[in-house]
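Report on the following structure.
The values are calculated or read from the model by the stated rules, or taken from the named source; none is laboratory data. These numbers were taken from a predicted model, which means no experiment stands behind them. Cβ placement follows ideal geometry from the backbone for every residue including glycine, while neighbour counts extend to all protein chains displayed.
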Amino acid sequence: MLSNVRVKRPEGTKLFKRNDNKYVYHVISSTYIPARKYNKDVKKCIGKLCDDDSSSMWPNENFELYYPGIIAATAILPEPPALSDTLRVGTYAVLRHIAKQEGLTQILENVHGVEDAGRIFDIMLYLITAQSAAFVHYEPFMRSHLMESCEIISDVTISKLLKEAVGEDNRHEMLRQWNKSHSSDANMIYIGYDSTNFPCEGEISLAEFGAAKEDESRPQINLAITVSQKDTTPLDYEVYPGSIVDMSECAYMLQRMHDYGYRNVGFMFDRGYYTEPNFQYLDGKHFDFIMMAQEDTVFIRDLISEHAEKLKNDTSLFIVNHDISGITARRTLYGKERFFHLYYDDVKASISRRQLQSRIGALKVSLDKLVNTKLRKNANLSDYDVWFDLEISEITEPKKSKKQSSKSAGKDCGDDKKIRVLTGYTLKQEVIKKQLDSYGFFCIVASKEKDCCAVLENYRGRDNIEKFFRSIKWGMDFKTPAVHSDEAAEGKIHLMFLAGILRNRLLQISRRIKVETKNRRSFTVPGIIDQLEMIECTRTPQNTYSRRYALTARQKTILNALGMSEQSIDNEITSFNQKMAGNDD
């Protein structure tokens with residue numbers, strides 16, 4: 001019975017008494033039987049008669065089949081429950097499994113306590129699944145999801161959590177425990193370092209104008225990240241003012257990695273750190289490192305010229321696994337012997353040559369249209385000057401006179417005007433040849449002697465940091481902190497870092513499944529989340545939740561890759577039911 005709904009008893013219905021209750025039946029059809037002289041009815045129970053009013057009844061589920069619209073028009077519906085009747089369970093179960101495997105669940109509980117650790121996990125679930133860093137949508141999202149804390153907190157409570165529970169001491173302790181669990185590896189590992197920035201608004205003291213990578217019109221805060229090249233695990237981060245240059249903060253970060261207990265490690269940098277002060281700092285600390293060199297320096301250009309022919313033509317230098325050629329040269333740079341690994345990629349060189357030739361061809365077409373025409377006063381010819389010697393003449397053009405009136409007759413109409421005309425051009429053949437010959441080469445410098453192939457493999461894993469930044473900015477829509485205090489900004493970035501750890505693991509699972517299934521389209525990280533979000537559980541009459549439908553083949557593939565099964569999902573639902581029952585008590 002729909003005990004919360006009371007309607008008028010429809011005319012023509014019949015009553016039947018059973019166990020002191022009167023039940024209302026709808027007559028579907030009636031057949032007269034002459035031999036017995038009565039009607040035989042085909043009927044269906046549609047509810048129970050109200051004890052206090054014989055004209056009213058409590059309808060059941062069959063009532064709407066025969067009298068549609070009456071319940072909706074007359075019923076008094078109950079207040080909605082805190083949680084939806086259908087909850088999405090798949091992403092929650094997978095992220096909880098990953099957090100336990102990574103040891104993140106235990107660390108969060110050690111640092112923040114069980115209650116706040118549950119809230120933090122729920123926020124991480126929201127950031128990853130909703131792909132949004134706007135907490136204004138948190139409440140409606142969590143109403144339809146399983147959750148760790150068994151409570152839906154408001155965006156105001158989240159702001160308070162960012163300022164208090166995720167305070168500076170707790171952030172540092174969490175990072176210390178997280179890195180303690182990774183720094184004990186006795187094998188040599190490389191740690192990638194890089195930084196990015198976020199434009200800010202509000203009263204954030206860390207926000208300062210600096211070398212912005214995106215929006216130069218607003219002050220920014222910088223975020224530095226270190227990542228293990230072994231398994232792309234994010235290890236540490238630091239937020240610092242937007243005006244501080246990268247290497248100033250890098251020195252502090254590298255020292256902190258040493259303080260965490262990392263000993264047998266090397267660091268990896270992009271070409272932006274290729275400066276003499278940076279080399280001297282790394283040498284002074286005896287840090288092992290691999291760094292992309294700047295090919296436009298005289299030292300590297302001369303080194304490439306010295307080995308160019310051999311790299312292009314000596315097949316013994318070809319690295320099969322990477323389809324490029326490589327050679328190592330020892331040279332002294334900034335007072336110390338270093339190992340320069342030179343590489344040549346003929347495919348990349350061919351593509352770059354074709355692009356340059358197409359570009360020069362397009363510029364040539366534009367120049368042909370400009371020949372013997374008047375150039376604008378502020379014409380920008382810098383794109384042409386790179387590849388062409390332009391022949392520009394300055395000629396005098398009589399100034400057009402105004403129509404003279406009787407008063408101005410006989411007066412001077414003004415000086416003649418000088419204009420510039422492009423009379424011709426020639427290609428800078430030597431410049432173009434030099435540029436074409438330089439394509440396909442790049443150089444990686446290492447502090448210690450290593451195999452040319454191993455150095456390349458190590459460095460090519462460095463894009464994991466860029467992927468991490470992209471996952472924060474685009475995968476979780478964190479392009480700006482969108483808060484108005486230092487405490488909230490640092491607290492929010494801390495949660496984004498933790499969510500990034502879990503999302504990074506999803507990325508590794510995605511890569512593995514793509515290789516195994518040869519299906520690159522369906523098993524991206526957003527694709528995996530979409531599949532997991534379709535795993536649902538439904539409220540039962542006993543006010544618990546259970547799964548009603550089997551898993552799809554894709555969902556099973558995702559769970560198998562994580563070492564999970566359908567039973568893993570059901571166990572999470574059972575655990576949630578028990579926690580909710582405990583809260584009710």
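M57 satisfies every condition listed in (1) of a type in the set (A, V, I, L, M); (2) within 59 Å of the chain's Cα centre (by Cα); (3) not in a strand (DSSP E or B) except (3).
Conditions tested, residue by residue: (1) assigned to a strand (DSSP E or B); (2) within 22 Å of T74 (Cα to Cα); (3) at pLDDT 85 or above; (4) not β-branched (V, I, T).
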residue	(1), (2), (3), (4)
K17	yes, no, yes, yes
V24	yes, yes, yes, no
S29	yes, no, yes, yes
R36	no, no, no, yes
V42	yes, no, yes, no
K48	yes, yes, yes, yes
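When the residues of the range 215-235 are filtered to those that are in contact with a Pro (Cβ under 8 Å, 6 or more places away or on another chain) and under 19 Å from K492 (Cα atoms), the one that is surrounded by the fewest Cβ atoms within 10 Å (Cβ to Cβ) is P219.
Of the residues making up the range 446-485, those that are basic (K, R) and either closer than 21 Å to T129 by Cα or surrounded by fewer than 17 Cβ atoms within 10 Å (Cβ to Cβ) (or both) are K448, R460, K467, R470, K473, K479.
Taking the range 138-156 as the range and being in a helix (DSSP H, G or I) and either in contact with an Asp or Glu (Cβ under 8 Å, 6 or more places away or on another chain) or loosely packed, with under 15 Cβ neighbours inside 10 Å (or both) as the test, the residues that pass are Y138, E139, P140, M142, D155, V156.
Within the range 148-166, residues that are on the phi > 0 side of the Ramachandran plot reach partners that are of a type in the set (S, T, N, Q) with beta carbons closer than 9 Å, at six or more positions or on different chains, in the pairs C150/N583.
Residue under question is G272, and the condition is that it be outside any helix (DSSP H, G or I) and of a type in the set (G, A, S); does it hold? Taking the combined requirement at face value, the residue does not satisfy it. For E201, the conditions (1) touching a Ser or Thr at 6+ places or on another chain (Cβ under 9 Å); (2) in a helix (DSSP H, G or I); (3) surrounded by fewer than 18 Cβ atoms within 10 Å (Cβ to Cβ) all hold with the exception of (2).
Candidates in the range 334-387 are the residues that are of a type in the set (S, T, Y) and either free of Cβ contacts under 8 Å to residues at least 24 places away in the same chain or farther than 24 Å from M291 by Cβ (or both); of these, the one that is surrounded by the fewest Cβ atoms within 10 Å (Cβ to Cβ) is S382. Considering only residues in the range 165-198 that are modelled with pLDDT of 85 or more and assigned to a loop (DSSP other than H, G, I, E, B), the one that is farthest from E139 (Cα to Cα) turns out to be S181. Residues in the range 340-347: is at least one under 30 Å from I392 (Cα atoms), modelled with pLDDT of 90 or more and hydrophobic (A, V, I, L, M, F, W, C)? Checking the range 340-347: not a single residue is under 30 Å from I392 (Cα atoms), modelled with pLDDT of 90 or more and hydrophobic (A, V, I, L, M, F, W, C).
The residues in the range 529-575 that are basic (K, R) and assigned to a loop (DSSP other than H, G, I, E, B) can be counted, and the count is 2. Residues that are charged (D, E, K, R) and part of a strand (DSSP E or B) within the range 1-15 comprise K8, K14, listed in sequence order.
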